[in-house]
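As structure tokens, the structure follows; a few thoughts come after it.
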Amino acid sequence: MLNKYYEQIEAIGLNLTLIALFLLMAYVVHDLLKKNKVPAIGQAVVYFVLFLGAAGFVFKGIMQYVIEH
């Protein structure tokens, strides 16, 4: 039975791992920005770039789903 759903389990595991890594990166970036007292505009730029990276992965997943179905 596990072999039947192996690809789905693998895809879910990969997605959860990517989410965990982006959350960890956001936490590390937040901590670094806070410790170094970065101005608000710098923080906004850093968070925007981090958001764009995460949005790219989400967009890639949506496009894969659209192409496959």
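Of the residues that make up region 20-37, is at least one surrounded by fewer than 10 Cβ atoms within 10 Å (Cβ to Cβ), not in a helix (DSSP H, G or I) and not aliphatic (A, V, I, L, M)? Scanning region 20-37, I find at least one residue that is surrounded by fewer than 10 Cβ atoms within 10 Å (Cβ to Cβ), not in a helix (DSSP H, G or I) and not aliphatic (A, V, I, L, M), so the answer is yes. A single member of 58, 66 is loosely packed, with under 10 Cβ neighbours inside 10 Å and among the aliphatic types (A, V, I, L, M), and it is 66.
Scan region 38-55 for residues that are surrounded by 12 or more Cβ atoms within 10 Å (Cβ to Cβ), under 12 Å from the mean Cα position of the chain (by Cα) and without any contact (Cβ under 8 Å) to a residue 24 or more places away in the chain and the total you get is 1.
For region 1-19, residues that are exposed (fewer than 11 other Cβ atoms within 10 Å of the Cβ) and among the small types (Gly, Ala, Ser) total 1.
Kindly check whether there is at least one residue in region 4-24 that is in contact (Cβ under 8 Å) with a residue 12 or more places away in the chain, in contact with a Leu (Cβ under 7 Å, 6 or more places away or on another chain) and either under 28 Å from residue 59 (Cα atoms) or not small (Gly, Ala, Ser) (or both). Before you say what the answer is, go through the steps one by one.
Just the residues of region 4-24 that are in contact (Cβ under 8 Å) with a residue 12 or more places away in the chain, to begin with: 15, 18, 22.
Filter once more, keeping what is in contact with a Leu (Cβ under 7 Å, 6 or more places away or on another chain): none.
Scanning region 4-24 turns up no residue that is in contact (Cβ under 8 Å) with a residue 12 or more places away in the chain, in contact with a Leu (Cβ under 7 Å, 6 or more places away or on another chain) and either under 28 Å from residue 59 (Cα atoms) or not small (Gly, Ala, Ser) (or both).
Tell me which residues, restricted to region 25-50, are under 24 Å from residue 61 (Cβ atoms) and among the small types (Gly, Ala, Ser). The answer is 26, and nothing else.
Values quoted throughout were computed directly from the atomic coordinates according to the rules given, and no laboratory measurement underlies them. Remember, predicted model here, so these are calculated numbers, not experimental data. Ideal geometry is used to build each Cβ from the backbone, glycine not excepted, and the neighbour counts take in all protein chains shown.
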